[in-house]
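Every number in this text was worked out from the coordinates using simple rules, so none of it is lab data. Just so it is clear, the model here is predicted, and its values are computed rather than measured. Cβ coordinates were reconstructed from backbone atoms using ideal geometry, including for glycine residues, and neighbour counts include every protein chain displayed.
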Amino acid sequence: MKTVISLIFLLLISSGISAQILNEVEVQPPEFLGVTNENYSSGLEIEDYIAERMQYPSVDMKFKNEGTEVILFTVGTDGKLSDFEVVNSISREVDDEVIRVLRTTDGMWIAGTNNDGPVAMQKEIAIAFKISADGNNENLTDFKAVAEKYFKKGTRQLYVKEHPRRALRQINQGIVYMPFDDGLMVLRGYCKYTLGDVDGASEDLNLVREISGMDNLMVLAQEYDGVDGFVDLIKQIDIVR
């Protein structure tokens, strides 16, 4: 029986998907060429490049470790990559393999620019890795359904068992699959807040605000209105943005 990996590339996030005007400064994000000659593009997308060169770790294949890997890195003015940061991890082995492939793209990027010319700029890539035992893509894991399962387990640990630390573990498992789900992120922020990790809660809530907007964040947070200081924390995030 043949086991294959299905690489589903969800999104690319950087300082901008296309040119943006920020405080009267025109910003253009880094561009992947697929080749080292900046005057020529191979037409190869970074998604295809990684898919062709990625060797899924055998231990992750064996235990069917799936999820959405999110890596943040900096594209320098010379087109070389640095400052790799794992934002969402499937496993240490997958982290290392994705970063290994990304390192081979040194010099294959055009640096991001602002009005003053080329500048070092961050780029974020998110990749969903799904494993198929029979090569049939119809049998691939439904990440949304798995994340919902962990969300329900987390809320049960939180509200029924009154055990926020165990709830946090369940929520973190769901986020492995759906790292940008606003419901999971708000619940994780709430768990962190109840455990005294205000900075961690603020980080999660800020991400939700960036993704879905402040109004949606406030709606999501109403469920935790009875928690002393939690909604005040969200309002404070709104003030300092």
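Treat every Asp and Glu Cβ in the stretch 93-222 as -1 and every Lys and Arg Cβ as +1, leave all other atoms uncharged, and give the resulting dipole magnitude about the Cα centre to the nearest 20 debye.
The dipole magnitude comes to about 660 debye.
If each residue's Cβ is checked for other Cβ atoms within 10 Å, how do D106, D96 rank with the fewest at the top?
Listed from fewest to most nearby Cβ atoms, that is D96, D106.
Which lysines does K153 reach when only Cα atoms under 16 Å apart count, and residues fewer than 8 places away in its own chain are ignored?
The reachable lysines, counting only those whose Cα sits under 16 Å from K153, are K144, K161.
Within the stretch 39-75, which GluC sites (Glu not before Pro) sit in a loop by DSSP and count at most 14 neighbouring Cβ atoms inside 10 Å?
Listed in order of number, the matching sites are E45.
List the lysines whose alpha-carbon lies under 23 Å from that of K123, not counting same-chain residues fewer than 8 positions away?
K80
Toward the positive end of the charge dipole of the stretch 74-223, about the Cα centre and with charges on Cβ (Lys, Arg +1; Asp, Glu -1), which of T77, H163, V219 goes farthest?
H163
Just want to confirm a number: the relative contact order over the stretch 56-157, from Cα pairs under 8 angstrom separated by 6+ residues, in percent.
After rounding, I find 31 percent.
Any of K64/K152; K149/K192; K64/K192; K64/K149 with alpha carbons more than 26 Å apart? Name them for me.
Among K64/K152; K149/K192; K64/K192; K64/K149, the Cα-Cα distance tops 26 Å for K64/K192.
Assuming 0.36 nm per residue, please report the length gained on full extension of the stretch R156 to E85 beyond their Cα-Cα distance.
22.4 nm
Please rank K192, K161, fewest neighbouring Cβ atoms within 10 Å first, as an exposure proxy.
Placing the least packed residue first, the sequence is K161, K192.
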